[in-house]
1. For A:F106, are the conditions met, namely being touching a Leu at 6+ places or on another chain (Cβ under 8 Å) and hydrophobic (A, V, I, L, M, F, W, C)?
2. Looking at segment A:89-109 only, could you name the residues that are among the β-branched types (V, I, T) and either in contact with a Phe, Trp or Tyr (Cβ under 6 Å, 6 or more places away or on another chain) or part of a helix (DSSP H, G or I) (or both)?
3. Inspect segment B:65-72 for any residue being under 17 Å from B:T106 (Cβ atoms), within 14 Å of chain A (Cβ to nearest Cβ) and modelled with pLDDT of 85 or more and give the result as yes or no.
4. Counting only residues that are touching a Ser or Thr at 6+ places or on another chain (Cβ under 9 Å) and surrounded by fewer than 16 Cβ atoms within 10 Å (Cβ to Cβ), which one in segment A:118-135 is farthest from A:P174 (Cα to Cα)?
5. Which numbered condition in (1) within 18 Å of the chain's Cα centre (by Cα); (2) away from chain B (no Cβ under 14 Å); (3) modelled with pLDDT of 95 or more is the only one that A:A37 fails?
6. What single numbered condition from (1) part of a helix (DSSP H, G or I); (2) within 11 Å of another protein chain (Cβ to nearest Cβ); (3) small (G, A, S); (4) farther than 29 Å from A:Q234 by Cβ fails to hold for A:G123?
7. Quick one: in segment B:98-115, of everything that is within 11 Å of another protein chain (Cβ to nearest Cβ) and under 22 Å from B:V43 (Cα atoms), which residue is surrounded by the most Cβ atoms within 10 Å (Cβ to Cβ)?
Amino acid sequence: MNTLTLWLHKLGSPPTFYRFAGAVRPWLLAAALLAGAIGLYGGLVLAPADYQQGDAYRIIFIHVPSAWMGLFIYACMAAAGFVALVWRIKLAEIVAMECAPIGAAFTFITLVTGSLWGKPMWGTWWTWDARLTSELVLLFLYLGVIGLYYAIEDRRKAARAAAFLALIGIINLPIVHFSVQWWNTLHQGSTVRILGPSHIAPSMLWPLLAMALATKLYFGASLLGRARVALLAQEGGKDWVRALAQPEGSRP
Amino acid sequence: MNPTRKRRMTLVLLIVAAVGIAAALTVYALQQNMNYLLTPSQVLSGQGADYKTFRLGGMVKSGSLQRDAHSLRVDFAVTDGDHDLPVEYTGILPDLFRENQAVIATGHMDGGRFVATEVLAKHDENYMPKELAEAMGKAHAKHHVGAAAQEPTP
């Protein structure tokens with residue numbers, strides 16, 4: 001077995017993961033705050049106003065990174081859920097389940113900021129076009145996963161049932177992404193493209209990418225923190241948790 | 001990989017694939033029904049006849065916008081490049097509404113006119129600073145003039 005697989009195997013064990021996550025989390029959080037500060041300053045202060053929308057377009061520095069995260073976190077949740085279903089690794093179950101609230105929060109932010117922008121620009125808060133509707137379905141999928149997880153008493157069975165729902169819901173991801181191409185929608189098409197030129201000036205693009213990085217780092221930090229707490233809660237009474245609690249318990 | 005895990009993996013992948021195919025077929029079947037809007041060409045070819053109210057989408061035709069001096073009523077034509085359709089609307093228009101802007105109007109046909117109850121402006125995917133847009137506009141205009149000058153006059 002090579003070093004990387006060995007390391008991954010070790011990381012799957014709760015005590016190792018707990019220590020690793022505790023060590024990495026502050027760095028991720030600090031990097032997220034730094035990238036977020038740079039991105040927001042660049043987006044809200046340095047970037048020029050848009051030729052059509054004026055300053056109102058600046059909501060994209062929140063809206064677009066959040067929307068990307070909504071999709072990205074769902075993919076992470078489904079991947080972890082797949083591992084949990086096939087290999088029955090406890091850590092994968094916890095990671096999948098702790099992804100859901102973070103993803104739901106980002107999706108909610110996407111819907112709210114989009115709505116705030118839609119009223120002055122489009123002339124409506126909400127419309128049932130394919131992009132908006134599929135994004136709302138994404139939020140409901142997240143809420144469904146969270147709800148199912150907490151509806152079942154046994155933590156591990158609950159995680160597997162919810163992971164299955166998460167995996168089925170992955171069908172919605174291409175629908176959200178391609179809705180603006182497949183159907184006539186009120187929502188505009190993609191501005192930033194990985195392949196081919198983006199339809200945005202470089203002075204507006206870099207703060208957007210900085211914000212995308214910041215949200216990714218924040219997701220990492222938040223997920224590690226949540227997973228640590230969930231691990232402690234589930235593994236309570238095991239030797240390694242007791243060993244962690246001992247020094248504090250023996251203090252006067 | 002041991003047999004149990006292999007079996008579980010096959011099962012999970014099969015179910016996801018089955019649901020994926022079902023979703024793809026549904027999306028494909030809905031393709032026609034899920035149209036958010038009709039274009040002027042589609043309306044003029046009679047596709048709007050099935051609906052009492054529907055959404056009309058297209059560009060506001062350049063030079064067609066007329067505002068009533070004493071009320072909120074506006075008249076304009078929506079075009080998709082091939083055909084135009086006259087539209088009337090009474091109410092407040094969104095910020096992005098202007099000539100040559102993509103709009104989506106909800107309403108019904110009244111004779112040959114489309115009476116809108118709501119007009120939404122569709123934003124395109126381009127973001128750029130004002131200076132750049134002006135520079136590009138100038139370059140564009142120059143190009144137009146240049147192209148027109150090159151055309152042989154009859």
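1. Spelling it out, it is not the case that A:F106 is touching a Leu at 6+ places or on another chain (Cβ under 8 Å) and hydrophobic (A, V, I, L, M, F, W, C).
2. Listed by number, the residues that qualify are A:I94, A:V95, A:I102, A:T107, A:I109.
3. Looking through segment B:65-72, at least one residue is under 17 Å from B:T106 (Cβ atoms), within 14 Å of chain A (Cβ to nearest Cβ) and modelled with pLDDT of 85 or more.
4. Out of the qualifying residues, it is A:W125.
5. Among (1) within 18 Å of the chain's Cα centre (by Cα); (2) away from chain B (no Cβ under 14 Å); (3) modelled with pLDDT of 95 or more, the lone unmet condition for A:A37 is (1).
6. Among (1) part of a helix (DSSP H, G or I); (2) within 11 Å of another protein chain (Cβ to nearest Cβ); (3) small (G, A, S); (4) farther than 29 Å from A:Q234 by Cβ, the lone unmet condition for A:G123 is (1).
7. B:V103
Conditions tested, residue by residue: (1) within 14 Å of chain B (Cβ to nearest Cβ); (2) of a type in the set (V, I, T).
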position: A:I152; (1), (2): no, yes
position: A:S190; (1), (2): yes, no
position: A:L195; (1), (2): no, no
position: A:G236; (1), (2): no, no
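The values are calculated or read from the model by the stated rules, or taken from the named source; none is laboratory data. Predicted model only: the values in this text are computed from it and were never measured. Every residue, glycine among them, receives a Cβ derived from its backbone with ideal geometry; neighbour counts consider all protein chains shown.
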